[in-house]
Amino acid sequence: MKRLLIILCILLFTVPCFANQIIIGKKKAAASCSVDTNEVGDRDAESTNRALSQGYLYMFASTADCSGNLAIPYLYFAGSSGDSVTVRLCIYSKSDTTPQADDALVCDSGDIAGGGEAGWKAGTTCASGSVTNGTGYWIGVQLRASTNGWTAKRAGTATLYYVSDSASTCPATLTGLTFSTSASNAPLSAYFQIGR
């Protein structure tokens, strides 16, 4: 009878511990990114207007808040000198504190049309391209050379880089481009969703 009691006591103490080891040792699935809450760029509709000129590439630094595939890109349209304005939103890798030749194009939004009422204007889903949580990227706004200007929204807390390149799409590389700066004119209200 004593043996039976000893065995029962051992089982009472070891089985729960063994069960806890199984539960504790089980890996939790990694949380996935949500297009509703994760982005690289500035999802806020900032309060200050910033006029952008045709034929220019504007860039500002941003950090991805999740690791995942890029989805729909958005740029805030506050007005323009004409309603036929078309832009591209670009995202580049970030190798240093200023945009440079080593920074590679990750995604081009496709055409984003302005005009109509002010608000967020969407590009197309990126066919490819992913970002890594905590990693810095350059968000670029390319105003096509054949259109009018675009009035954007800006936060005014960081440096905005810009260069006249007279391109109609996001450049594949930044080789040969020398950027000027506007202090406290970024980030622009522009972002790529993460989570596709």
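The values are calculated or read from the model by the stated rules, or taken from the named source; none is laboratory data. Everything numeric in this text was worked out from a predicted model, so none of it was measured. In this analysis, Cβ positions are derived from the backbone assuming ideal geometry, glycine residues included, and neighbour counts consider all displayed protein chains. To get the accessible areas, we keep the full protein, side chains included, count just its heavy atoms, and leave off ligands, DNA and RNA. Shrake-Rupley method; radii C 1.70, N 1.55, O 1.52, S 1.80 Å.
Considering the options LEU52, ALA145, CYS90, tell which one lies farthest towards the positive end of the dipole of segment 34-148, charges being +1 on Lys and Arg and -1 on Asp and Glu at the Cβ, about the Cα centre. Value: ALA145. Residues whose amide H comes within less than 5 Å of that of ASP42, counting only those at least five positions distant or on another chain, are ALA190, TYR191 (H built at 1.01 Å from N in the peptide plane). The apolar share of the surface of segment 53-147, taken as the fraction of accessible area on carbon and sulfur atoms (1.4 Å probe, ligands and nucleic acids excluded), comes to 42 percent. A Stokes-Einstein calculation at 10 °C with viscosity 1.306 mPa s, built on the Kirkwood radius of segment 45-196 over Cα pairs, returns a diffusion coefficient of 106 µm²/s. Coupling constants for segment 92-103 follow from the phi torsions by the Karplus curve (6.51 cos²θ - 1.76 cosθ + 1.60, θ = phi - 60°), and in residue order they are 10, 5, 10, 9, 7, 7, 10, x, 8, 4, 6, 7 Hz; glycine and proline get x.
The residues of segment 57-172 expose, per residue, 38 Å² of accessible area to a 1.4 Å probe. Here the Karplus curve 6.51 cos²θ - 1.76 cosθ + 1.60, taken at θ = phi - 60°, turns the phi angles of segment 122-139 into couplings of 9, x, 9, 5, 5, 5, 8, x, 9, 10, 10, 3, x, 9, x, 9, 9, 9 Hz, with x standing for Gly and Pro.
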